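The values are calculated or read from the model by the stated rules, or taken from the named source; none is laboratory data. None of these values were measured; they are calculated from a predicted model. Using ideal geometry, Cβ is built from the backbone for each residue, glycine included, and neighbour counts are taken over all protein chains shown.
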């Protein structure tokens, strides 16, 4: 039986040749391909700066550190995300506070966040981490307005959404992670994401100060600039307790060729989403698309009763549907530190019904029609 995964990488000969060429070059790491990838990615999303990292989890960690998160600081995020969006706060000793999702778009609900922020004195919270869930851009303009009113920073978790955008109140197109409203954007290059590097990530920002700090923290906190002493060309100083979160050059080479294909890949993802919507309209609930928003469609999610039965039925036919995600506040680690009664009604209801269908550019029409047929057969009994 042929398996149809929920997502997969799309590697072609151009990608292979780029990696082989870099493997045969002088630099496997700390070479020119990383800088080239950073510049091209910044140009693509429209940010001033980009910093390549070994994965998005590392990127989230660096982001909270660059924004001076410290022990006891409180940050708000969504429970419907991969655990790393919350874990990064815990890495720095901070407290995670969860706000509920919008029941139709599935992204962090601005009204839930506003209610939470305004229930506490100014300064109680330090920042917000909205997630462009499934590829749907969060309206970062309204989050920025709320953040500015309460002196909060914003990290945009855009791991699902390179190529997605929303139009702001001025009619300007804002690509996810462009830095116009969020302080830092975070992207993932895991194989099931849009751009596959095996593992990898990218941070984007428009702040030179944040860029310099991210670059420093990425490489052990070591620098050769503005040193207190200089013993010669070999000399360096460690001025922060940093990390080795670098991306290799051969991964960057793959990222460059993958990035060049992303616009067409996102177009194909939207074609697939349109086909699903036409088949399910009026029968099955799926993620809404707010006006003036372009979904990059990392995932296509539907909601059904008897979700477990549909999951098992699809898997029995070789359709490897997946669930995104177990709400973070219900995971044992977070339950054990007091989050089990968070009262996140929409998030928990969504989780009880959600299932992700196959969504990737190389999914054929024949394969998608088979998936649709299996879902409709289940719905109609």
Within segment 112-121, is there a residue that is closer than 28 Å to residue 355 by Cα and in contact (Cβ under 8 Å) with a residue 12 or more places away in the chain? yes
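If you check residue 329 against the conditions, is it out of contact with any helix residue (DSSP H, G or I) (no Cβ under 6 Å at 6 or more places or on another chain), surrounded by 14 or more Cβ atoms within 10 Å (Cβ to Cβ), outside the structural domain of residue 79 (by TED's automatic domain parsing) and assigned to a helix (DSSP H, G or I)?
Criteria not met by residue 329.
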Taking segment 338-350 on its own, how many of its residues are outside any loop (DSSP other than H, G, I, E, B), within 18 Å of residue 112 (Cα to Cα) and out of contact with any strand residue (DSSP E or B) (no Cβ under 6 Å at 6 or more places or on another chain)? 5
Any chance you could count how many residues in segment 47-86 are touching a residue at least 40 places away in the same chain (Cβ under 8 Å) and not in a helix (DSSP H, G or I)? 22
Testing residue 250 on (1) surrounded by 14 or more Cβ atoms within 10 Å (Cβ to Cβ); (2) not assigned by TED's automatic domain parsing to the domain that holds residue 129, one condition comes back false. Which one is that? (2)
In the set 41, 37, the lone residue that is within 16 Å of the chain's Cα centre (by Cα) and modelled with pLDDT of 95 or more is 41
Scan segment 70-91 residue by residue and report those that are in contact with a strand residue (DSSP E or B) (Cβ under 7 Å, 6 or more places away or on another chain) and under 11 Å from residue 129 (Cβ atoms). 75, 76, 77, 78, 81, 85, 86, 89
Just give me the residues in segment 32-46 being assigned to a helix (DSSP H, G or I) and over 19 Å from residue 191 (Cα atoms), in sequence order. 32, 33, 35, 36, 39, 40, 42, 43, 44, 45
Which one of 232, 282 is outside the structural domain of residue 25 (by TED's automatic domain parsing) and without any contact (Cβ under 8 Å) to a residue 60 or more places away in the chain? 282
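Test of understanding: among 312, 341, which residue is more than 20 Å from residue 85 (Cβ to Cβ), at pLDDT below 95 and not assigned by TED's automatic domain parsing to the domain that holds residue 18?
341
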The listed residue being closer than 24 Å to residue 203 by Cα and surrounded by fewer than 24 Cβ atoms within 10 Å (Cβ to Cβ), out of 151, 132: 151
